[in-house]
């Protein structure tokens with residue numbers, strides 16, 4: 001950690017001795033010291049809390065994180081252990097210690113409570129304490145006999161683990177209670193009623209805790225998990241985790257930060273772009289490759305807010321035309337978009353508000369000929385194309401090309417449906433051939449290269465912080481460029497190959513940087529490791545090719 005000298009006029013007390021200070025931490029700029037010796041002395045304690053962001057609060061955003069200095073692309077903003085972990089609500093039986101999927105006749109039961117585990121060691125994992133305690137209090141052990149399909153007994157585990165903290169860890173309970181729940185918005189919805197029956201009533205009846213926890217406490221914990229939990233993909237199936245400060249990171253469909261996970265379940269928040277001092281820290285709560293309407297509906301239904309970020313507010317989605325439909329008026333080459341996507345969303349789970357009726361009667365307008373088409377016609381077209389996509393054979397490049405060829409008559413080339421299929425096609429080319437890219441035709445190799453470049457550029461505009469996807473795509477691109485160079489060298493000599501390999505290395509270097517925080521448990525983590533190995537090989541190849549070239553006259 002590098003520290004810098006503070007302004008000499010500062011009189012903040014030293015963290016170690018309370019004397020007047022002349023130094024401060026250059027990362028968080030929140031703590032001060034009278035000398036460098038006291039900086040070094042305090043670092044072992046301070047490094048746990050040293051982050052370049054601070055918690056702020058206002059009426060619009062509630063609590064949020066703000067950068068207190070400029071943060072560079074790729075810089076880790078924070079690494080945080082979870083407050084609570086647990087199985088997903090809908091899950092087959094999993095080990096309640098490590099969340100590994102369990103198989104019949106391959107389990108070990110906890111001697112105290114009967115819950116099944118993958119090993120004796122996992123039965124002693126401290127995370128299991130809540131359900132173990134309440135099962136013992138119940139007076140009857142659990143007996144799980146059905147494996148491989150979602151089991152109702154697991155729906156309440158993570159909520160129970162939150163509730164347990166009320167009487168056993170007041171500090172942790174207070175942190176959980178400080179998180180957003182959207183209880184008023186959730187109350188009365190189908191999800192609320194389902195959770196009350198399948199979680200609250202189960203906790204009361206199965207664990208015999210009706211007098212222990214009331215409905216408000218249980219449903220608040222349900223909300224804490226629904227609104228704040230992250231799916232941790234380190235194992236199949238995913239488990240969920242609730243974090244403290246990371247829960248304050250706000251949403252943007254064009255976020256400035258990326259989240260990844262360490263092998264031990266800690267969440268890693270890193271900058272996806274350069275972030276100026278004073279900026280709000282954001283991640284994307286939804287899928288950035290969905291269209292605006294789908295993203296906004298998903299956020300409204302699951303997170304209970306209606307997004308109006310810079311991307312959602314721009315119908316062209318930053319000039320990409322990601323949701324645009326082709327105008328069908330004769331001889332017109334324009335595209336249709338509505339005036340805005342920012343309209344109140346009717347919740348299907350609640351009775352419609354009469355004041356919002358009629359908002360669906362919008363029109364999509366052509367940017368060239370100004371022709372108008374009703375929203376109903378556009379939605380029907382998109383539904384038809386969505387159905388076509390859902391039945392398209394998986395893993396077949398030819399089927400992808402047919403879809404792209406057919407839908408190019410109806411959609412903008414960068415439309416989210418076109419991008420979805422183009423991405424799949426770009427990744428498929430070379431995977432089905434025993435020789436890899438060396439075995440694909442020239443036109444397919446060119447197609448892969450073009451698609452990778454186009455989608456990588458599109459992602460840089462729409463979702464620059466999506467490091468996993470961009471990193472994986474650039475890895476595919478570097479391989480295609482290198483293979484093109486190999487083929488060109490056969491006819492044009494090693495000098496041409498050197499240019500391609502140099503470009504390929506530059507692309508690979510960016511891929512490796514984007515994937516550097518991905519754990520080995522994930523495909524992207526393994527790809528990142530391979531990228532670093534490939535860089536060493538490419539450096540050696542570039543050196544050899546350079547040495548083989550004739551010296552300049």
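What the table below lists for this structure:
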| read-out | value |
| --- | --- |
| Residue count for the stretch 257-293, restricted to those that are touching a strand residue (DSSP E or B) at 6+ places or on another chain (Cβ under 6 Å), crowded, with 22+ Cβ neighbours inside 10 Å and part of a loop (DSSP other than H, G, I, E, B) | 2 |
| In the stretch 393-414, the residues that are modelled with pLDDT under 95 and touching a helix residue (DSSP H, G or I) at 6+ places or on another chain (Cβ under 6 Å) | 393, 397 |
| Selection within the stretch 131-158 - assigned to a loop (DSSP other than H, G, I, E, B) and either crowded, with 16+ Cβ neighbours inside 10 Å or not assigned by TED's automatic domain parsing to the domain that holds residue 176 (or both) | 142, 144, 147, 151, 155, 156 |
| Test for residue 201: is it in a helix (DSSP H, G or I), without any contact (Cβ under 8 Å) to a residue 12 or more places away in the chain and surrounded by 14 or more Cβ atoms within 10 Å (Cβ to Cβ) | yes |
| Selected residue (criterion: nearest to residue 320 (Cα to Cα)) from residues of the stretch 382-409 that are buried (at least 17 other Cβ atoms within 10 Å of the Cβ) and in contact with a strand residue (DSSP E or B) (Cβ under 9 Å, 6 or more places away or on another chain) | 382 |
| Flag for residue 208 being farther than 30 Å from residue 57 by Cα, surrounded by fewer than 19 Cβ atoms within 10 Å (Cβ to Cβ) and touching a helix residue (DSSP H, G or I) at 6+ places or on another chain (Cβ under 9 Å) | yes |
| Evaluation of residue 249 against (1) without any contact (Cβ under 8 Å) to a residue 24 or more places away in the chain; (2) surrounded by 22 or more Cβ atoms within 10 Å (Cβ to Cβ) (one fails), failing number | (1) |
| Unique residue being within 21 Å of residue 272 (Cα to Cα) and surrounded by 19 or more Cβ atoms within 10 Å (Cβ to Cβ) when the list is 507, 501 | 507 |
| Counted residues, the stretch 59-82 - those being closer than 22 Å to residue 174 by Cβ and either within 19 Å of the chain's Cα centre (by Cα) or in a strand (DSSP E or B) (or both) | 8 |
| Selected residue [touching a residue at least 12 places away in the same chain (Cβ under 8 Å) and assigned by TED's automatic domain parsing to the domain that holds residue 368] from 306, 317 | 317 |
| Positions within the stretch 510-523 being surrounded by fewer than 20 Cβ atoms within 10 Å (Cβ to Cβ) and out of contact with any strand residue (DSSP E or B) (no Cβ under 7 Å at 6 or more places or on another chain), in sequence order | 510, 513, 516, 520, 521, 522, 523 |
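Here is a yes/no grid of residues against (1) at pLDDT below 95; (2) more than 16 Å from the chain's Cα centre (by Cα):
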position: 456; (1), (2): no, yes
position: 462; (1), (2): no, no
position: 467; (1), (2): no, no
position: 470; (1), (2): no, no
position: 474; (1), (2): no, yes
position: 483; (1), (2): no, yes
position: 486; (1), (2): yes, yes
position: 490; (1), (2): yes, yes
position: 493; (1), (2): yes, yes
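So that you can scan it fast, the table gives a plain yes or no per residue for (1) closer than 30 Å to residue 161 by Cα; (2) assigned by TED's automatic domain parsing to the domain that holds residue 236; (3) modelled with pLDDT of 95 or more:
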site: 27; (1), (2), (3): no, no, no
site: 42; (1), (2), (3): no, no, no
site: 81; (1), (2), (3): yes, no, yes
site: 93; (1), (2), (3): yes, yes, yes
site: 105; (1), (2), (3): yes, yes, no
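The values are calculated or read from the model by the stated rules, or taken from the named source; none is laboratory data. Bear in mind that the values here come from a model prediction, so they are computed numbers and not experimental data. For neighbour counting, all protein chains shown are included, and Cβ atoms are generated from backbone atoms with ideal geometry for every residue, glycine included.
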